[in-house]
Each structure stands twice: as C-alpha cells, then as structure tokens.
Amino acid sequence: MLLFEPIPAFSDNYVWLITDPPSPTAVVVDPGEASPVIEVLQKRGLELAAILLTHHHGDHVGGVNELLRLRQVSVFGPARESISTVDHPIEGGKVVALPDLGLDLEVLDVPGHTGGHIAYRGPGFALVGDTLFAGGCGRVFEGTSEQMHSSLTLLADLPGETQIYCAHEYTIANLKFAREMEPFNDSLEKRLEAAHRTRAEGKPTVPSTIAEELETNPFLRCHTSAMIATAEARAGLDLPTTVDVFAVIRGWKDGWQG
Ligand SMILES: [Zn+2]
C-alpha cells in the first residue's frame, strides 16, 4: 500500500515522499530543497529511486542537484520546460513507470501556472504541483486563463474520490477567499473550520479529494450560478463563458489581501 508523506520545505511547500512499506524505496516529487528530504531519507533508511517534477519553478526543482549527488536517479519532468536536471522529459499521454514502487503514472498536460506544467495520475490519486490547490489554484504566470481553466477542468473530471496532492499549504487563505466568493456555501464554511482545527494541531490540510474541491473550490465552480453572479457583480458586466468567470475570480484573488 503506497504511503504519501509531505516533507515541509521553505515556508509553505510540501515535497511529497512516496513509499511502499516495508520496501526501502522512495520517490520524491518537486524537491525544491534537498536538506529536509535528505534528513528524512537518512533517518528512515530510505533509498531514493526517482524524482518527479511538475514544473520549472525554483521552489520545486532547487534541491534536485544536491539529491543527485547523493544518488544518481532518473529525473522525470515536463518536456515543454527547460530544466537542466531532467533526463526523462515527458508530456501528456505518456506513462512513467516506477517499477520499484510497482507503479505506473499517467502524465497529464496542465499548462497555465507555467507553460509546460504537468501532473501525474496514479490509481486513486494525482500529483498536481501548483495547478490545483486545496480550495484554490495556482496563479496564471505563463499560460492563459483558457489554458488554466481547461487544465483545472481536466482535473475536476477525475473521479470524485481521487486524492489530490498539491505542493503548498495555502488552504486556509484559499478558503477564506472562497468564502468571500460564496458566503452561503455551508460545505465551504465547514471545510474552513476543519482546516483551522487541522492546522492548529500542526497537521497538513492536504491531500483533499476532487469531490471536496468541486463543492468548495471557487475555481472549479465557475459554472455555478453563485460564482457567475459574484464574478459579474465584480466585473460590472455579463460574463458569457466560464473562462470569463474564471479570469475575473483569478484576477480578484491575485490582488486579494484577505
Ligand atoms: Zn510554481
């Protein structure tokens, strides 16, 4: 049975460590920093088997070189981005075989946050980097609103029970913004209370599930009458498509101070 553990890095990043106990093999996802990863590997006697990268940002790839000095392993990453440490460039539709974990991962193209951002889908889970967050989504830095919206729609169409492993602990701030968008969403209110309790216990609020995100994440709810009304009031004009609604909400969040 696969085990997913978040290794905290920087102020709010999670490097996902995937193991299949009692096997000592480990795979890490988006190691922006090496030292917290090395500490966990050494303390637990784990052997790194591969590194998976979702996009080129420094807080996701910055630790790769140091990890490779520890052990030369395969580094999978987006073919459409330039990352010097990637020796297995991959894109949507490809499969990443991780024989040490007995795992095949399907690669999904999810551009928007960056131009070539990819996600990895396995049985019952997806590793989504900075595309979909618990209660929110990544900023649109390199792609377009159309791309980001269609990437989020691709993830939203995964089965409801799919566990979503994102790369940051942004949940409370995201849900506060979501409540601003949808003050009458009871599920959202409950989720925010639960997130406060979880964080007060020092625990991560991720993973979440697609079902939870569909109920509470404003960026997956741009088709709902509540979100359309909120976005149209903000924009002061009719927004004929869900992409228009998405673009208004994303722009609002970018400038939102809480
Ligand atoms: Zn990023």
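The values are calculated or read from the model by the stated rules, or taken from the named source; none is laboratory data. Note that the structure is a prediction, hence the values are computed from the model and not measured. We place every Cβ from the backbone using ideal geometry, glycine too, and count neighbours over all the protein chains shown.
All told, GLY143 meets the bar of being surrounded by 15 or more Cβ atoms within 10 Å (Cβ to Cβ) and part of a loop (DSSP other than H, G, I, E, B).
Figure legend. Inter-residue proximity from segment 152-178: first residues over 24 Å from LEU17 (Cα atoms) and modelled with pLDDT under 95, second residues part of a helix (DSSP H, G or I) and away from the ligand (no atom under 16 Å from the Cβ), beta-carbon distance below 7 Å, spacing 6+ or different chains. No pairs are indicated.
All of (1) in a helix (DSSP H, G or I); (2) free of Cβ contacts under 8 Å to residues at least 40 places away in the same chain hold for LEU237 with one exception: (1). Only one of the numbered conditions (1) touching a Ser or Thr at 6+ places or on another chain (Cβ under 6 Å); (2) part of a loop (DSSP other than H, G, I, E, B) is not met by THR85, and that is (1).
Quick grid of which residues meet (1) among the basic types (Lys, Arg); (2) in contact with a Lys or Arg (Cβ under 8 Å, 6 or more places away or on another chain); (3) part of a helix (DSSP H, G or I):
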{"position": "LYS203", "(1), (2), (3)": "yes, no, no"}
{"position": "GLU212", "(1), (2), (3)": "no, yes, yes"}
{"position": "VAL243", "(1), (2), (3)": "no, no, yes"}
{"position": "ALA247", "(1), (2), (3)": "no, no, yes"}
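In segment 146-174, how many are in contact with a His (Cβ under 9 Å, 6 or more places away or on another chain), in a helix (DSSP H, G or I) and surrounded by 21 or more Cβ atoms within 10 Å (Cβ to Cβ)? Total satisfying the criteria: 2. The set of residues from segment 97-135 being within 14 Å of the ligand (Cβ to nearest atom), touching a residue at least 40 places away in the same chain (Cβ under 8 Å) and not aliphatic (A, V, I, L, M) comprises PRO111, GLY112, HIS113, THR114, GLY116, HIS117, GLY129, ASP130, THR131, PHE133. Scanning segment 20-47 for residues that are surrounded by fewer than 22 Cβ atoms within 10 Å (Cβ to Cβ) and outside any helix (DSSP H, G or I) gives ASP20, PRO21, PRO22, SER23, PRO24, THR25, GLY32, GLU33, ALA34, GLY45, LEU46, GLU47. Restricting attention to segment 136-162, the residues that are over 17 Å from ARG221 (Cβ atoms), away from the ligand (no atom under 16 Å from the Cβ) and acidic (Asp, Glu) total 2.
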